[in-house]
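The values are calculated or read from the model by the stated rules, or taken from the named source; none is laboratory data. Keep in mind that this is a model prediction, so the values were computed, not measured. As a convention, Cβ positions derive from the backbone with ideal geometry for all residues, glycine included, and neighbour counts pool all protein chains shown. What goes into the accessible areas is simple: the full protein's heavy atoms, side chains included, and nothing from ligands, DNA or RNA. Shrake-Rupley method; radii C 1.70, N 1.55, O 1.52, S 1.80 Å.
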Amino acid sequence: MSKGVTFYFMRHGETYLNKYHRMQGWSDTPLTNRGKRDVARSGAGLADVKFDAVYCSDLRRTFETAQIIVNENQHKEEMPPVVAMPEFREIFFGSFEGMDATETWENLWKFLGYEEGMDYRNDKSVIEELNGMKAMDPYHEAEDYLTFWTRVERGLIKLINEHRETGRNILVVCHGMTIRNMIHALIPEFQIDRHLDNASISVVSYYDGFYHLEKFNSVEHFAPDNTNNNEQEPEVHKILPTDVDKDDELPLQEQ
């Protein structure tokens, strides 16, 4: 068997826009107290896994999540700095950023002619959805599928070239749609038909020339929640990310 590599894809913890059921792509809000606790529980459940590299998107919610995961890990003193990669941002929803999520998606389905919602068993559904989002955006600034995937694929190829056949465990903290599309690219038969839970992990291993989905949207590893809402939130030590390649940076959304 070849050395291979194992990717641990983790969705960020719950944010305030998640809590309020608002569209959140490039717009960014901090983790809620519940979000921090769930990330700490996820990190505690993975504490014995030695991560040889940790990546996140350049948005606050993923970096904040990565900080907590590192702090919970038994091997944190041996782990290199977190690397922030703008390629792994969530899709940009244009003028729909911050809008009510349920209303926005229902309006999009009607815009596309699907009164009962999209059929995600169709591999083309995500492409149609994202292209439709851009078409429906009055400013046409939402990312279409090609723009979104070209960006994410660029980051994924960097990681594969760097780590394949090293036998390493790689943690990638990013976003739900980003993760699902990366898994679909690595394992074409994987259907993007479910949303990911906050702080969940999806594990993809590469060996003998193929990628294998070991876990998807798993929260089974979470440590028990022994806190209550009135207790102090998990401590977050500041771990500065390494500099990203300036040529690859994406423009920040205007505040």
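Consider Leu186 against the criteria (1) open to solvent by less than 70 Å² (accessible area, probe 1.4 Å); (2) free of Cβ contacts under 8 Å to residues at least 24 places away in the same chain; (3) within 22 Å of Phe51 (Cα to Cα): it satisfies all of them except one. Which criterion is unmet?
Of the numbered conditions (1) open to solvent by less than 70 Å² (accessible area, probe 1.4 Å); (2) free of Cβ contacts under 8 Å to residues at least 24 places away in the same chain; (3) within 22 Å of Phe51 (Cα to Cα), the odd one out for Leu186 is (2).
Only one of these conditions is not met by Cys174: (1) in contact with a Leu (Cβ under 9 Å, 6 or more places away or on another chain); (2) open to solvent by less than 20 Å² (accessible area, probe 1.4 Å); (3) more than 19 Å from Trp26 (Cβ to Cβ). Which number is it?
(3)
Please verify whether region 1-18 includes one or more residues that are surrounded by fewer than 19 Cβ atoms within 10 Å (Cβ to Cβ), out of contact with any strand residue (DSSP E or B) (no Cβ under 7 Å at 6 or more places or on another chain) and within 15 Å of Asn198 (Cα to Cα).
Filtering region 1-18 for residues surrounded by fewer than 19 Cβ atoms within 10 Å (Cβ to Cβ) gives 1-3, 16.
Filter again for out of contact with any strand residue (DSSP E or B) (no Cβ under 7 Å at 6 or more places or on another chain), leaving 3, 16.
Now drop any that are not within 15 Å of Asn198 (Cα to Cα), which leaves 16.
The answer is yes, given that some residue of region 1-18 is surrounded by fewer than 19 Cβ atoms within 10 Å (Cβ to Cβ), out of contact with any strand residue (DSSP E or B) (no Cβ under 7 Å at 6 or more places or on another chain) and within 15 Å of Asn198 (Cα to Cα).
Considering only residues that are in contact with a strand residue (DSSP E or B) (Cβ under 9 Å, 6 or more places away or on another chain) and not in a strand (DSSP E or B), which ones fall in region 190-224?
Phe190, Arg194, His195, Leu196, Asp197, Asn198, Ala199, Ser200, Val219, His221
When you scan region 41-51, do you find a residue that is under 30 Å from Glu103 (Cα atoms) and open to solvent by less than 10 Å² (accessible area, probe 1.4 Å), even just one? Walk me through it before giving the result.
Taking region 41-51 as the starting set, the residues that turn out to be under 30 Å from Glu103 (Cα atoms) are none.
Scanning region 41-51 turns up no residue that is under 30 Å from Glu103 (Cα atoms) and open to solvent by less than 10 Å² (accessible area, probe 1.4 Å).
Tell me, please, whether a residue that is under 17 Å from the mean Cα position of the chain (by Cα) and surrounded by fewer than 21 Cβ atoms within 10 Å (Cβ to Cβ) can be found in region 72-83.
Kept after step one, since they are under 17 Å from the mean Cα position of the chain (by Cα), are these residues of region 72-83: 82-83.
Restricting the remaining residues to those that are surrounded by fewer than 21 Cβ atoms within 10 Å (Cβ to Cβ) gives 83.
Within region 72-83, one or more residues are under 17 Å from the mean Cα position of the chain (by Cα) and surrounded by fewer than 21 Cβ atoms within 10 Å (Cβ to Cβ).
Give me a count of the residues in region 146-171 that are hydrophobic (A, V, I, L, M, F, W, C) and open to solvent by less than 20 Å² (accessible area, probe 1.4 Å).
Of the residues in region 146-171, the ones hydrophobic (A, V, I, L, M, F, W, C) are 146, 148-149, 152, 156-157, 159-160, 170-171.
Add one more test, that the residue is open to solvent by less than 20 Å² (accessible area, probe 1.4 Å), and what stays is 148, 152, 156, 159, 170-171.
The qualifying residues number 6.
Yes/no per residue for (1) farther than 22 Å from Leu130 by Cβ; (2) within 19 Å of the chain's Cα centre (by Cα):
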position: Thr65; (1), (2): yes, yes
position: Phe93; (1), (2): no, yes
position: Phe111; (1), (2): no, no
position: Glu115; (1), (2): no, no
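Which of the numbered conditions does Leu130 fail, given that it passes all the others? Conditions: (1) in a loop (DSSP other than H, G, I, E, B); (2) open to solvent by less than 20 Å² (accessible area, probe 1.4 Å); (3) of a type in the set (A, V, I, L, M).
Unmet condition: (1).
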